[in-house]
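The values are calculated or read from the model by the stated rules, or taken from the named source; none is laboratory data. Here the structure is a predicted model, which is why all the values come from computation and not from measurement. Please note: Cβ atoms are built from the backbone with ideal geometry, for glycine as well, and neighbour counts cover all protein chains shown. The area values use the complete protein model at the heavy-atom level, side chains included, leaving out ligands, DNA and RNA. Shrake-Rupley method; radii C 1.70, N 1.55, O 1.52, S 1.80 Å.
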Amino acid sequence: MITAVVYSESGGTYKTTMTANLAVALERMGLNTLVLDLDPQEGNLTSLFDVGSRRSDPDADNLVKHILDMPDGEFEALIESTDEGVDIIPSHDMLGDFTSNLEQKISYETGMKNMNREDYPRFELLYELLWNEQELHKKYDAILIDPNARAEDLLYNAIFALRTLVAPVKPAGKGNLSLEGLDELVGNMERQLDIEIGLSCVVPSGVGQTNAHQQYQQQFRETDAFATPVTIGNRESLMDAMWEARGSAFRVVEERWKTFERDGQMVSEPGQRRIREREIDTLRKLYELALFIATVTFDAEVQPILELNIQDHESRVIDLQTDEKHEVTTA
């Protein structure tokens, strides 16, 4: 089973949009995919996929209540389906108070059981819920988590549960410092959680054409410490359009979503976008990244064919098995 936390300590790395694109890519490969949105901030996966209508309702059942063993309903009722086939457990405002609610639970249970607080399995609760209680490995082929950025209980629960990281990195500063930081990050988490954590791959994202950015990218390519299967260029327009399309970059291109000015106002509509080869290439890279995670990290058998059915435009079929990775044919 494919399980990965898409995590970055810094902003601007396409963390949330990358999680969405990976989930949709895995679904297109024929894998039943679930994503958990553990980010309580605005501009999260829940907003992107236009789900979670009760995320601000304090009385609504949500994932935190289930993690803390005080549910208000069935776990299955938390799961919503997106227009692109991916299932999602939406974010909820209660995620922002996870640690304080957890502390209350720990105080109550350790007091009742006369247990030392240090012995309480505070990082194992999500693991217990997903695998032992709900047995999601029997229902899904892939589970991804888009976590909160802060190194606290919620993040540690996510990593303890899934054990594998996908790390988008931002081209800022010296590449060797970023490499050292990633190594230190994984090591600290392993010591904190007392588990082995796999780093599936590092994904330099938002990489421009400047000499500094290209040098940064090269330093990641040349290291043996981490796998770097693809580099995602600076594609702000494509990633921004995902929020207007309420879906993945694949949806943006296939439905040709574009934001433009009309009568002095900015509007977003499908059927307007020009189909540029660099955006097709970005989709190929995102699909290649999902393929790497599925096949190299987890040894899954998936279909390495990306089919793009572009509205009012020729369809494209991209075979990632061919030696010519940029080969694009007309369907």
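Of note:
- All positions within the range 245-301 that are in a loop (DSSP other than H, G, I, E, B) and touching a His at 6+ places or on another chain (Cβ under 8 Å): Arg256, Ile275
- Counted residues, the range 30-44 - those being open to solvent by less than 40 Å² (accessible area, probe 1.4 Å), outside any strand (DSSP E or B) and within 12 Å of Val86 (Cα to Cα): 1
- Hits in the range 107-116 - residues which are surrounded by 12 or more Cβ atoms within 10 Å (Cβ to Cβ) and farther than 16 Å from Leu129 by Cβ: Ser107, Thr110, Met115
Residue-by-condition table, conditions (1) assigned to a loop (DSSP other than H, G, I, E, B); (2) within 18 Å of Leu125 (Cβ to Cβ); (3) open to solvent by 10 Å² or more (accessible area, probe 1.4 Å):
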| position | (1), (2), (3) |
| --- | --- |
| Met18 | no, no, no |
| Val24 | no, no, no |
| Thr46 | no, no, no |
| Asp59 | yes, no, yes |
| His66 | no, yes, yes |
| Met70 | yes, yes, yes |
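- Filtered by the rule that a residue be assigned to a loop (DSSP other than H, G, I, E, B), modelled with pLDDT of 90 or more and either closer than 20 Å to Pro171 by Cβ or open to solvent by 70 Å² or more (accessible area, probe 1.4 Å) (or both), the range 194-226 gives Asp194, Glu196.
- Pairing each residue of the range 247-266 that is within 14 Å of Leu306 (Cβ to Cβ) with any residue that is surrounded by 10 or more Cβ atoms within 10 Å (Cβ to Cβ) and of a type in the set (Val, Ile, Thr), provided the two are 6+ apart or on different chains, yields C-beta distances under 6 Å for Ser248/Val24; Phe250/Val24; Glu254/Ile310.
- Annotation note: of Gln134, Gln104, the sole residue that is open to solvent by 80 Å² or more (accessible area, probe 1.4 Å) and either over 19 Å from Asp39 (Cα atoms) or not aliphatic (A, V, I, L, M) (or both) is Gln104.
- Test result for Arg191, within 25 Å of Ser91 (Cα to Cα), surrounded by fewer than 16 Cβ atoms within 10 Å (Cβ to Cβ) and free of Cβ contacts under 8 Å to residues at least 60 places away in the same chain: no
- Filtering Gly247, Gly264, Gly271 for residues that are over 30 Å from Gly187 (Cα atoms) and crowded, with 20+ Cβ neighbours inside 10 Å leaves a single hit, Gly247.
- Among the residues making up the range 141-160, a single one is over 23 Å from Tyr14 (Cβ atoms), buried (at least 21 other Cβ atoms within 10 Å of the Cβ) and in contact (Cβ under 8 Å) with a residue 60 or more places away in the chain: Asn157.
- Count of residues meeting criterion [farther than 22 Å from Lys285 by Cβ and of a type in the set (Gly, Ala, Ser)] in the range 135-170: 4
- Apart from one condition, Ala77 fits all of (1) modelled with pLDDT under 95; (2) in a helix (DSSP H, G or I); (3) surrounded by fewer than 18 Cβ atoms within 10 Å (Cβ to Cβ); the exception is (1).
- Any hit, the range 234-242, residues being of a type in the set (S, T, N, Q), at pLDDT 90 or above and either touching a Leu at 6+ places or on another chain (Cβ under 6 Å) or surrounded by fewer than 20 Cβ atoms within 10 Å (Cβ to Cβ) (or both): no
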